[in-house]
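Engineer: Here you go, one structure.
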Amino acid sequence: MTIRPRAADTLVIGGGLVGAAVGWGLASRGETVTVLDEGDQALRASCGNFGLVWVQSKGDGMHDYARWTRSSADIWPEFSERLKEDTGISTGYHKPGGMHLCLSEQDLEKTRALCNRMHNVNGAQGYGSEILDRKQVADMLPGIGPDVVGGSFGRHDGHASPLKLLMGLHAGIKARGSHYVSGAAVDKIERDGGGYSVTTAKGVYRAGKLVLAAGHGNSAFGPLVGLDIPLRPEKGQILVTERVAPFLSMPTHVVRQTEEGSILIGDSHEDTGFSTLSTTPIMSQIASRAARFFPLLKNLRVVRSWGAVRVLSPDGYPIYQQSETHPGVFSVNCHSGVTLAGAHAMLLAPMISAGQLAPEFEAFSARRFHGQTH
Amino acid sequence: MTRQFDVAVIGAGPAGLAAATEAAQSGLSVALLDEQQAPGGQIYRGIETASAARLKLLGADYAEGRPLVEKFRASGAEYMPGSLVWNVTIDKVVEFSRDGASSRIRADAIIVATGALERPCPLPGWTLPGVTTAGALQILLKASGIVQEDAVLTGSGPLLWLLASQMVDAGVPPRAIVETVPNGRLLQALPHLPKALWQRSYLFKGLSMVRKVRRAGVLIYRNATGVAVEGATFATALNFTAGGKPHRIETRTIALHQGVVPNQQVTRLLRCDHVWDSSQHCFRPVIDAYGATSADGVYVAGDGAGIGGAKAAAIQGQIVAIGLALRAGRGNGERLAHLHSALAKEASVRPFLETLYAPAPQILSPADDTLVCRCEEITAGSIREAVRLGAPGPNQVKSFLRAGMGPCQGRVCGLAVSAIIGEERGETPDDVGYYRIRPPLKPLLLSEIANFATSDAQEHATE
Amino acid sequence: MVRRIETIGNEVIFSFEGQPVTARAGDSVAAALTAVGISHLRDSVVSGAARGVYCMMGACFDCLVEVNGVPNRQACMTEVRHGLDVRRQSGGVEVRS
């Protein structure tokens, strides 16, 4: 390839779910976008995403996040439809509602308390989940095991294929005449006239605006553009079974069936740095817990495992921030790349395109961590 | 408690058997794990149970497996047959399934002797029942004494001729050999001939196999292109072009072969460095003269380190084991010089064979509508489309398309997928890379993984 | 069609799709079915296309069959036993106990 799309309206650093959603969102508003990505071995959280579009438990403790998540879930159907119009690729989005399953009375009480708090967060708009007893859960999910005491059902929850979503976004970027460049690990970010130039392994790219969507890379790139983005890695592992006939009518928080028929079983929260290795003690724990939720899973063969590193801020909520010192530079971080894809493409991208985040986004700024010890 | 060994050997083919025997004889404690129920690997499959008649039919090269197995049986190495190794960790814990339950052992050194796989042969109709690898027909013959009539063997490589001559000896010659070796390959290979003469016995053996197959009346087609299998619920015919004319041979048994390639699953799982071998058209792990990989304490012997054949594999197994013994202060290296020169002699015929029998262009660059990933039914065209979206390598392609996500975990399609990506991007296979491999190495019941949460596992988790 | 070059090993009778199949002790299910001319072992879970033995060495997972009610067993890695009930698979297997 000798032609490099060096000049663009906006450069997006990072081609995972976050960068690609923002990139497609900008491109579909008529911007020329270049998405700069690493290579095939990139530490890509998107490829470890479980695929939930999940509302019921999000934002306890940060109401802005709850609202943002709801907006994204609300706009997902339109987002998915538009992406399909652009590319012919279906994200496999379904909204049958979602279930959080509880294995003890104590867990059920905690879930009930969360549910009540979320009702306060969400007000009377009907976004909250409802607590179900064992029988009610069993009516909706006949395969549950004897240890399941109840659960919470959120009718605004759903799921999609993170992998098809990512492919669709990349295809959408291309369909809109914008560019995705792999193997373009970033070396340098510099001011260039009124815009920025970014030096990568694939050459130098220039644009008026710059979006950092590089996951953990944002911590390193931030200081180059006047941003301090504190992040920590958290490993998650997932087991994937062979394809089976339809078994689950809706996703649960740790077990879901994909459109293809595989059962995905999550997950773990491990403080093991940037390692993405699959480890058998954790795989065993994940398997035994899944068998308590759905005993029939015991008879399925596990075909694959995943390990990926979540991108977490100190409080676990997203970071959206524009640089004060570097106009037109935005930083985007979250660990819910699927749930928030709709909002990123349809709501955040227009703000970035206009060069200004809405005032209420101050709540998502990393300034909330400054002055704290983290 | 997790049992501890000096050496864990994975695979009971010639490399694994020789390595385990040598290591045990030098006083090291050795465990040899193998998925099969009997030793020999694929090359010496059924070697302990083969009748005199079958031994005679399969030839002297096959019979060489007998003493190898006998020495191993007497060596004192612990043999764990029927053990499916499904995970190996960088701290040298080997986790395996036997009789439906999993256990683990630890070792100071691991010798990966998992041998070779058939190179993927994506061509139209290659998933139809009745189409197998040439290796599959040979396994049927070795392990069960079964030969199919009217078989058509197609592709490239010495194994096609060996199999055909064994079938002739069994009284059931194949109907035809459809060779995909392009004209001019012999000319390209000629510069390697002088070196190959160091191993002229291989060349003579080859020529006599070809003569035997011809005399048996087997139809032989050279320089075939456009090879395609016809059929609906099973193969009914093989179509191809040869000598400027289209041909159609009716048959229900078609065997494909384009040479064999290292089985990379364990070395990829351990994230060892690999390199593209442009002569063998495959990846192989990077090793030193003693078989050491880039992963500490992990060694490879045999075809898994690069294709060299059964005799070379056994020599490599010995070399690796002697190296380990020396490091443990046992034995001496007296035989090393001899073994290294024997290995070099074995290798002398390879460049000639590799050039002559390099995979067919049709196979390396399948047509857009040809299935490449058999499990998930992904075509070459869709892989090229994913590359045009910017996918830099096989892991992104896997995410986009599910290629390599099925039960074979990419064993069959991996090399073909990397090659297609490389061609489409104009990059070398080294740049493109390979699938990331994770446990379980083969599908495993969830209950077995769940039951594996032993106290030892907890101890391991907190390390 | 298919020949055995020798008949050693005891006869073992199992069933495929309810029909009796005579094999020899030591055969894999895949070898025994090949020996009686049966090549179509399953319909793919993706498109429903017919599949059978490919590699015969446990690598390709194309010869998956149901054995005594347990789905997705590799026919080439399963030794025949008297009375084994082997069935052709079609599509995604049911999740069941």
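The values are calculated or read from the model by the stated rules, or taken from the named source; none is laboratory data. Fair warning: this is a prediction, and the values are worked out from it, not measured in the lab. A quick note on method: Cβ atoms are made from the backbone with ideal geometry, for glycine too, and the neighbour counts reach across all protein chains shown.
Engineer: Would you tally the residues in region B:360-388 being away from every other protein chain (no Cβ under 14 Å), within 27 Å of A:Gly183 (Cβ to Cβ) and touching a strand residue (DSSP E or B) at 6+ places or on another chain (Cβ under 7 Å)?
Structural biologist: So the answer is 3.
The rows are residues; the columns are (1) over 14 Å from the mean Cα position of the chain (by Cα); (2) part of a helix (DSSP H, G or I); (3) at pLDDT 95 or above.
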site	(1), (2), (3)
A:Val18	no, yes, yes
A:Gly39	yes, no, no
A:Gln56	yes, no, no
A:Glu85	yes, yes, yes
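Engineer: For C:Arg81, work out the one condition from (1) more than 7 Å from chain B (Cβ to nearest Cβ); (2) closer than 28 Å to B:Thr114 by Cβ; (3) outside any loop (DSSP other than H, G, I, E, B) it doesn't fulfil.
Structural biologist: Result: C:Arg81 fails condition (3) only.
Engineer: Being modelled with pLDDT of 95 or more, surrounded by 21 or more Cβ atoms within 10 Å (Cβ to Cβ) and either of a type in the set (Phe, Trp, Tyr) or not assigned by TED's automatic domain parsing to the domain that holds A:Val33 (or both): is that true of A:Gly145 here? Write out each step before concluding.
Structural biologist: On the way: modelled with pLDDT of 95 or more: yes; surrounded by 21 or more Cβ atoms within 10 Å (Cβ to Cβ): no; either of a type in the set (Phe, Trp, Tyr) or not assigned by TED's automatic domain parsing to the domain that holds A:Val33 (or both): yes.
Here the answer is no, as A:Gly145 does not meet what is asked.
Engineer: Being modelled with pLDDT of 95 or more and facing chain B (nearest Cβ under 8 Å), is that true of even one residue in region C:63-71?
Structural biologist: yes
Engineer: Does region B:50-61 contain at least one residue that is within 14 Å of chain C (Cβ to nearest Cβ) and modelled with pLDDT of 95 or more?
Structural biologist: No: zero hits.
Engineer: Residues that are within 13 Å of chain C (Cβ to nearest Cβ) and surrounded by fewer than 22 Cβ atoms within 10 Å (Cβ to Cβ): list the helices (runs of 4 or more DSSP H) wholly contained in region B:137-196 that include at least 2 such residues.
Structural biologist: Numbers: elements: B:158-169, B:185-189, B:193-196.
The helices (runs of 4 or more DSSP H) meeting that bar are B:158-169.
Engineer: Another question about this same structure. Can you find even one residue in region B:403-412 that is within 25 Å of A:Lys235 (Cβ to Cβ), crowded, with 21+ Cβ neighbours inside 10 Å and facing chain A (nearest Cβ under 9 Å)?
Structural biologist: Step one: list which residues in region B:403-412 are within 25 Å of A:Lys235 (Cβ to Cβ), which gives B:404-405, B:409-410.
Next, only the ones that are crowded, with 21+ Cβ neighbours inside 10 Å stay: B:404-405, B:409-410.
Keeping just the survivors that are facing chain A (nearest Cβ under 9 Å) gives B:405, B:409.
Scanning region B:403-412 turns up at least one residue that is within 25 Å of A:Lys235 (Cβ to Cβ), crowded, with 21+ Cβ neighbours inside 10 Å and facing chain A (nearest Cβ under 9 Å).
Engineer: Now for a different question. Sort out which residues of region C:74-86 are surrounded by fewer than 18 Cβ atoms within 10 Å (Cβ to Cβ) and either of a type in the set (D, E, K, R) or touching a Gly at 6+ places or on another chain (Cβ under 9 Å) (or both), and write them in order of number.
Structural biologist: The first filter runs over region C:74-86 and keeps only residues surrounded by fewer than 18 Cβ atoms within 10 Å (Cβ to Cβ), leaving C:79, C:81-83, C:85.
Correct list: C:Glu79, C:Arg81, C:Asp85.
Engineer: Being under 21 Å from A:Val302 (Cβ atoms), of a type outside the set (A, V, I, L, M, F, W, C) and touching an Asp or Glu at 6+ places or on another chain (Cβ under 9 Å), is that true of even one residue in region C:29-48? I'd like the intermediate steps shown before the answer.
Structural biologist: Of the residues in region C:29-48, the ones under 21 Å from A:Val302 (Cβ atoms) are C:42, C:44-46.
Remaining after also requiring of a type outside the set (A, V, I, L, M, F, W, C): C:42, C:44.
Remaining after also requiring touching an Asp or Glu at 6+ places or on another chain (Cβ under 9 Å): C:42, C:44.
Looking through region C:29-48, at least one residue is under 21 Å from A:Val302 (Cβ atoms), of a type outside the set (A, V, I, L, M, F, W, C) and touching an Asp or Glu at 6+ places or on another chain (Cβ under 9 Å).
Residue-by-condition table, conditions (1) part of a loop (DSSP other than H, G, I, E, B); (2) small (Gly, Ala, Ser); (3) touching a Cys at 6+ places or on another chain (Cβ under 6 Å):
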| residue | (1), (2), (3) |
| --- | --- |
| B:Ala367 | yes, yes, no |
| B:Lys398 | no, no, no |
| B:Cys408 | yes, no, yes |
| B:Ala416 | no, yes, no |
| B:Glu424 | no, no, no |
| B:Glu427 | yes, no, no |
| B:Arg436 | yes, no, no |
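Engineer: Now a separate question. Could you go through region A:121-132 and let me know if any residue there is among the charged types (D, E, K, R), more than 19 Å from the chain's Cα centre (by Cα) and over 28 Å from A:Asp9 (Cα atoms). Give the derivation first.
Structural biologist: Taking region A:121-132 and keeping what is among the charged types (D, E, K, R), we get A:130.
From the residues that got through so far, the ones that are more than 19 Å from the chain's Cα centre (by Cα) too are A:130.
From what is left, the residues that are over 28 Å from A:Asp9 (Cα atoms) are A:130.
Within region A:121-132, one or more residues are among the charged types (D, E, K, R), more than 19 Å from the chain's Cα centre (by Cα) and over 28 Å from A:Asp9 (Cα atoms).
Engineer: Further question: Take region A:39-60 and flag every residue that is out of contact with any strand residue (DSSP E or B) (no Cβ under 9 Å at 6 or more places or on another chain) and among the small types (Gly, Ala, Ser).
Structural biologist: The first filter runs over region A:39-60 and keeps only residues out of contact with any strand residue (DSSP E or B) (no Cβ under 9 Å at 6 or more places or on another chain), leaving A:39-42, A:58-60.
Those that are out of contact with any strand residue (DSSP E or B) (no Cβ under 9 Å at 6 or more places or on another chain) and among the small types (Gly, Ala, Ser): A:Gly39, A:Ala42, A:Gly59.
Engineer: Right, B:Val227: surrounded by 19 or more Cβ atoms within 10 Å (Cβ to Cβ) and either assigned by TED's automatic domain parsing to the domain that holds B:Leu153 or not in a helix (DSSP H, G or I) (or both) or not?
Structural biologist: Working: surrounded by 19 or more Cβ atoms within 10 Å (Cβ to Cβ): yes; either assigned by TED's automatic domain parsing to the domain that holds B:Leu153 or not in a helix (DSSP H, G or I) (or both): yes.
For B:Val227, the condition - surrounded by 19 or more Cβ atoms within 10 Å (Cβ to Cβ) and either assigned by TED's automatic domain parsing to the domain that holds B:Leu153 or not in a helix (DSSP H, G or I) (or both) - is met.
Engineer: Pick from region B:292-316 the residues that are under 24 Å from B:Gln258 (Cα atoms) and of a type in the set (D, E, K, R): which of them is surrounded by the most Cβ atoms within 10 Å (Cβ to Cβ)?
Structural biologist: This residue is B:Asp303.
Engineer: So which residues in region C:1-57 are at the interface with chain B (Cβ under 8 Å from one of its Cβ atoms), among the polar types (S, T, N, Q) and assigned to a strand (DSSP E or B), if there are any at all?
Structural biologist: Listed by number, the list holds a single entry, C:Ser28.
Engineer: May I ask you to verify whether B:Lys205 is within 26 Å of B:Ile363 (Cβ to Cβ) and either under 25 Å from the mean Cα position of the chain (by Cα) or modelled with pLDDT under 95 (or both)?
Structural biologist: Criteria met by B:Lys205.
Engineer: Restricting attention to region A:338-356, and to residues there that are touching a Ser or Thr at 6+ places or on another chain (Cβ under 9 Å) and surrounded by fewer than 24 Cβ atoms within 10 Å (Cβ to Cβ), which single residue is farthest from A:Tyr317 (Cα to Cα)?
Structural biologist: Here is the first cut: in region A:338-356, the residues touching a Ser or Thr at 6+ places or on another chain (Cβ under 9 Å) are A:338-347, A:349, A:352-353.
The next check asks that each one be surrounded by fewer than 24 Cβ atoms within 10 Å (Cβ to Cβ); those that pass are A:346-347, A:353.
Working: A:Met346: 20, A:Leu347: 18, A:Ser353: 23 Å.
So, considering only residues that are touching a Ser or Thr at 6+ places or on another chain (Cβ under 9 Å) and surrounded by fewer than 24 Cβ atoms within 10 Å (Cβ to Cβ), the one farthest from A:Tyr317 (Cα to Cα) is A:Ser353.
Engineer: Consider B:Leu353 against the criteria (1) of a type outside the set (Ser, Thr, Tyr); (2) more than 9 Å from chain A (Cβ to nearest Cβ); (3) outside any helix (DSSP H, G or I): it satisfies all of them except one. Which criterion is unmet?
Structural biologist: It fails just one condition, (3).
Engineer: Sort out which residues of region B:302-330 are within 12 Å of B:Ala292 (Cα to Cα) and either among the β-branched types (Val, Ile, Thr) or without any contact (Cβ under 8 Å) to a residue 60 or more places away in the chain (or both), and write them in order of number.
Structural biologist: Those that are within 12 Å of B:Ala292 (Cα to Cα) and either among the β-branched types (Val, Ile, Thr) or without any contact (Cβ under 8 Å) to a residue 60 or more places away in the chain (or both): B:Ala305, B:Ile319, B:Val320, B:Gly323.
Engineer: Which residues, taken from region C:18-54, are of a type in the set (A, V, I, L, M, F, W, C), buried (at least 23 other Cβ atoms within 10 Å of the Cβ) and under 17 Å from B:Ile146 (Cα atoms)?
Structural biologist: Within region C:18-54, the subset of a type in the set (A, V, I, L, M, F, W, C) is C:21, C:23, C:25, C:29-33, C:35-36, C:38, C:41, C:45-46, C:49-50, C:53.
Filter once more, so that each one left must be buried (at least 23 other Cβ atoms within 10 Å of the Cβ): C:23, C:29-33, C:35, C:41, C:45, C:53.
Answer for region C:18-54, where residues must be of a type in the set (A, V, I, L, M, F, W, C), buried (at least 23 other Cβ atoms within 10 Å of the Cβ) and under 17 Å from B:Ile146 (Cα atoms): C:Ala23, C:Val29, C:Ala30, C:Ala31, C:Ala32, C:Leu33, C:Ala35, C:Val53.
Engineer: Something else now. Would you check which residues across region B:204-231 are out of contact with any strand residue (DSSP E or B) (no Cβ under 8 Å at 6 or more places or on another chain) and of a type outside the set (Val, Ile, Thr) and list them?
Structural biologist: Across region B:204-231, the qualifying residues are B:Phe204, B:Lys205, B:Gly206, B:Leu207, B:Ser208, B:Met209, B:Arg211, B:Lys212, B:Arg215, B:Ala216, B:Gly217.
Engineer: Take the residues in region A:182-199 that are within 14 Å of chain B (Cβ to nearest Cβ) and surrounded by 21 or more Cβ atoms within 10 Å (Cβ to Cβ), then tell me which one is farthest from A:Phe50 (Cα to Cα). First the steps, then the outcome.
Structural biologist: First, the residues of region A:182-199 that are within 14 Å of chain B (Cβ to nearest Cβ): A:182-185.
Remaining after also requiring surrounded by 21 or more Cβ atoms within 10 Å (Cβ to Cβ): A:182, A:184.
Numbers: A:Ser182: 24, A:Ala184: 27 Å.
Only one residue fits best here, namely A:Ala184.
Engineer: Given the options B:Gly41, B:Gly27, B:Gly82, B:Gly100, name the one that is modelled with pLDDT of 95 or more, within 14 Å of chain C (Cβ to nearest Cβ) and touching a helix residue (DSSP H, G or I) at 6+ places or on another chain (Cβ under 8 Å). Walk me through it before giving the result.
Structural biologist: Details: B:Gly27 fails: within 14 Å of chain C (Cβ to nearest Cβ); B:Gly82 fails: touching a helix residue (DSSP H, G or I) at 6+ places or on another chain (Cβ under 8 Å); B:Gly100 fails: modelled with pLDDT of 95 or more.
After ruling out the rest, the residue left standing is B:Gly41.
Engineer: For region C:86-93, indicate whether the set of residues that are part of a loop (DSSP other than H, G, I, E, B), more than 7 Å from chain B (Cβ to nearest Cβ), closer than 24 Å to B:Asp169 by Cβ and not hydroxyl-bearing (Ser, Thr, Tyr) is non-empty. Walk me through how you get there before you give the answer.
Structural biologist: To start, the set of residues in region C:86-93 that are part of a loop (DSSP other than H, G, I, E, B) comprises C:88, C:91-92.
Subsequent filtering for residues that are more than 7 Å from chain B (Cβ to nearest Cβ) retains C:88, C:91-92.
Those still in the list that are closer than 24 Å to B:Asp169 by Cβ too: none.
No, the conditions are met nowhere in region C:86-93.
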